[in-house]
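Each reported figure results from applying straightforward, stated rules to the coordinates on display, with no laboratory input. The structure displayed is predicted, hence computed values, not measured ones. Every residue, glycine among them, receives a Cβ derived from its backbone with ideal geometry; neighbour counts consider all protein chains shown.
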C-alpha cells in the first residue's frame with residue numbers, strides 16, 4: 001500500500017490587526033477625554049469612604065485639599081495630624097513638638113497663594129464616618145487662616 | 001530613467017509597533033483612571049453667634065439647624081421681625097437618623113412664611129457623623145442655596 005501523501009499548504013498566515021487598531025484608537029480617545037488633568041488630585045485614597053449624594057450640581061474646583069481619614073489629617077497630600085479612630089490624639093502632630101500644627105499649616109498654605117485675599121477655597125474630603133467634632137476642628141483651623149469657602153467632596157450616585 | 005513607469009508593488013504598513021504602543025498606553029490609562037463620579041457640596045463657614053445687623057440696625061433673620069444625637073433636628077429662627085426666638089423640632093427616624101423628608105417639608109413651609117430667609121447655618125452634636133451632615137446640607141441646599149457650617 002502506498003502511503004498517502006499529505007499536501008502541505010505553503011500559504012502564509014497573516015493576522016488582520018487593522019480592526020484591532022481601530023478599537024484601540026476609539027478606546028484611547030475615550031480614556032484620554034475622561035482623564036483628569038487637574039493639578040489637585042481629587043481621587044480619594046483607598047481607605048477613605050466618601051459620602052454619597054443623589055445629585056449635586058457643583059463641580060470640584062482647583063484649590064487646597066484636606067483629607068480626613070480614620071488615622072490622619074492630610075493637607076495638600078502631606079500628613080499633618082494623627083487621629084485615633086477619628087479623634088484627635090493627645091500628641092496630635094506626627095513628629096512631636098517640632099512638627100507644625102494644623103493651624104500653622106493652613107496659615108502657611110494661605111501665604112503661598114498668589115493672591116492670598118482671593119483664594120479662600122478648600123476642598124474637603126472626609127470619610128463618611130468622621131464625627132462632627134473632628135470636622136469642626138479642621139474647619140475652624142482652616143477658617144482661622146481664611147479658608148472659608150468649602151467644597152465637601154461627595155460621590156454622585158444615579 | 002524609469003520616470004512614468006507605473007509600479008505595481010504593494011506597500012504593507014507595519015502597524016504592530018503602534019498596536020504595542022496603544023496597549024501600553026491603554027493599560028496605563030485604565031489603571032490610573034478613576035471611574036467615580038465626584039461632585040462637591042458648596043458650603044461657607046460661619047462663626048456661631050448672633051446674627052449680623054442690617055443697615056436698618058435690626059439683625060437680619062437667620063436660621064440655625066442643629067442636628068441632635070437621637071436623630072432630631074432643631075430649627076431655630078431669630079432676628080428680623082421676630083420678637084423672640086422660634087424653636088421647631090423635627091423628630092428623627094426610629095433608627096436615630098434624621099428624617100430628611102420631614103425636614104425638607106418643614107423648611108419649605110418656613111421659607112414660604114418668611115421668604116427673606118436665604119441662608120442657613122448648620123451645626124451638630126459632636127458625635128453626629130459626616131454622612132448625615134452632608135445628607136442634611138444637600139437637602140437644605142435644594143431649598144436655600146446658601147448653607148454655612150458652624151465652626
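Of the residues B:146, B:113, B:131, the one with the fewest other Cβ atoms within 10 Å heads the list, and the complete ranking is B:113, B:146, B:131.
Mean residue ellipticity at 222 nm, helices only, chain B: -9000 deg cm²/dmol; runs of at least 4 DSSP H residues each add -39,500 (n - 2.57), and the sum is divided by the number of residues. Ranked by how many other Cβ atoms sit within 10 Å of their own Cβ, fewest first, the residues A:110, A:70 fall in the order A:70, A:110. Helix B:130-141 and the longest principal axis of the Cα set of chain B meet at an angle near 80°.
Of the beta bridges in segment B:65-151, as assigned by DSSP with both residues counted there, near 55 percent are antiparallel. Annotation: Cα Rg of segment B:78-151 relative to the compact-globule expectation 2.2 N^0.38 Å equals 1.13.
If you take the square roots of the eigenvalues of the alpha-carbon gyration tensor of segment A:52-156 and sort them as a ≥ b ≥ c, do you get rounded (a/c under 1.5), prolate (a/b over b/c) or oblate? Oblate shape, in that a/c is at least 1.5 and b/c is the bigger or equal ratio. With both residues required to sit in chain B, DSSP beta bridges show an antiparallel share near 50%.
Comparing B:32, B:123, B:83 in a Gaussian network model of chain B where C-alpha atoms under 10 Å apart are linked, the largest mean-square fluctuation is found at B:32.
Here segment A:52-156 carries DSSP beta bridges of which approximately 50% are antiparallel, counting only pairs with both residues inside. Using a Gaussian network model of chain B in which every pair of alpha carbons under 10 angstrom is joined by a spring, one finds that among B:87, B:125, B:20 the greatest mean-square fluctuation is at B:20. Fewest neighbouring Cβ atoms within 10 Å first, the residues A:47, B:84, A:108 line up as B:84, A:47, A:108. Over what distance in Å are the Cα centres of segment A:54-89 and segment A:121-150 separated? That distance is 8 Å.
Take every Cα-Cα distance within chain B, group them into 10 Å bins from 0 onward, and report for each bin the whole-number percent of pairs it holds. Distribution as computed: 9, 29, 20, 9, 7, 7, 6, 5, 5, 3, 0 percent.
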